[in-house]
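Asker: I have a structure I would like to understand better, so I am pasting it below and will then ask my questions one at a time.
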Amino acid sequence: MGDYFEVFIKAFTASIDWTWRSVIFNVPWNNNYFWGLIIISIIVWFLEMVFPWRKEQKVIRKDFWLDAFYMFFNFFIFTIVISGFYSVLELIFSSMKLGITSIQLIDLSGLPVFIELLIFFLILDFVQWFTHVVLHRFEFLWKFHKVHHSVKEMGFAAHLRYHWMENILYKPLKVFAVMLIGGFEPNQAFIIHFVAIAIGHLNHSNIKLTYGPLKYILNNPVMHLYHHAYTLPNERKHGVNFGISLSLWDYIFKTNYIPESKGKIKLGYSDDNKMPKTFLGQLLYGFRKKD
């Protein structure tokens, strides 16, 4: 038990140290989550101001500051808190002879770096698409995912408004995806991470982008807006347009739905009036026995 506690504390303090060193520019620029997130956010927010899709929407839209806080909570505060638990789990798996290469299915060794990154990106995005579908299909998971769908005005910061329980589900599945791949350098994941953040910010932004023929591959703000639509056809009651970075999976599995592109639709879900308005209320939401 002492070993587990030591591993927990070591990981916890290391996470705090890394975050602080990121804030003071004491980590490699391409690994700096903190300022990378801020720079991407400022760029997309600037584009929203210059090229607004819904011109009547304010620059400081409804719940803007709540969503901005979620960005830092989910990526830094919660990551610090949970880091110790993940390290303990890693130690447990290691004692069971289950390591990062235990279930390796693909060996990328020898491939050009670009191809490695592309394969990793595709696998990871599909895992996230599948996880997203699951969040909508099972009621006990949907209760947590409702926090993200409580957004009533769409903007870039809505990308990272989500319940902390989603981290518990998404991260192990991402790790599982990494375990399937051999020859991939984990530090290359930072590149994929920043690309995914930029695409996710744009998908939630108040900018009208469709990417022309590339809309069948890349997710976009027009497509993702309908993922948040209040009203959907009965046969699509569990949701549509589940793509994270790529729209490809929605077109393959017939979950795509874009009836128009004016951007004037109501967002939310049928009982979203029950969602608490405060961060603390939303933090505990989902654990209630009754909605």
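Laboratory data are not the source of any read-out in this text; all were calculated from the coordinates shown. Not measured: the values here are computed from a predicted model. When we count neighbours, we look across all protein chains shown, and the Cβ atoms used for this are built from the backbone with ideal geometry, even at glycine.
Asker: Can you tell me the orientation of helix 139-149 relative to the chain, as the angle in degrees between its alpha-carbon axis and the longest Cα principal axis, to the nearest 10?
Answerer: Taking Cα atoms only, the helix is inclined about 70 degrees.
Asker: If we count every other residue with Cβ under 14 angstrom of Phe279's Cβ, Lys/Arg +1 and Asp/Glu -1, where does the sum land?
Answerer: 0
Asker: Further question on the same structure: Work out how far the C-alpha atoms of the stretch 128-170 reach from end to end along every principal axis, then list the three figures in whole Å, largest first.
Answerer: The Cα atoms of the stretch 128-170 stretch 26, 17, 17 Å along the principal axes, largest first.
Asker: When only alpha-carbon atoms are used, what values of Rg and Dmax, in angstrom, describe the stretch 27-76?
Answerer: 13.0, 41
Asker: How large is the dipole of the stretch 2-284 about the Cα centre if only Lys and Arg carry +1 and Asp and Glu carry -1, each at its Cβ, rounded to the nearest 20 debye? List each step's numbers first, then the result.
Answerer: Values: 25 positive and 20 negative charges, 220 e Å.
Dipole size: approximately 1060 debye.
Asker: Can you give the relative contact order of the stretch 2-284 as a percent, counting alpha carbon pairs under 8 Å and 6+ residues apart? Write down the numbers at each step before the final one.
Answerer: On the way: 331 pairs, mean separation 64.3, N = 283.
The normalised contact order for the stretch 2-284 reaches 23 percent.
Asker: Which angle from 0 to 90°, rounded to the nearest 10, does the C-alpha axis of helix 33-50 make with the longest principal axis of the chain?
Answerer: For 33-50 against the chain, the angle is about 10 degrees.
Asker: Angle between the Cα long axis of helix 2-23 and the longest principal axis of the chain, 0 to 90 degrees, nearest 10?
Answerer: Here the helix axis deviates by roughly 50 degrees.
Asker: Further, regarding this structure: Between their Cα atoms, which of Lys10/Lys277; Lys62/Lys215; Lys215/Lys277; Lys58/Lys215; Lys10/Lys62; Lys10/Lys152 are more than 32 Å away from each other? Write down the numbers at each step before the final one.
Answerer: On the way: Lys10/Lys277 36 Å; Lys62/Lys215 28 Å; Lys215/Lys277 34 Å; Lys58/Lys215 27 Å; Lys10/Lys62 40 Å; Lys10/Lys152 41 Å.
Result: Lys10/Lys277; Lys215/Lys277; Lys10/Lys62; Lys10/Lys152 exceed 32 Å.
Asker: Shifting gears a bit: If you consider only alpha-carbon coordinates, what radius of gyration and Dmax does the stretch 2-284 have, in Å?
Answerer: Over the stretch 2-284's Cα set, Rg and Dmax evaluate to 19.3, 59 Å.
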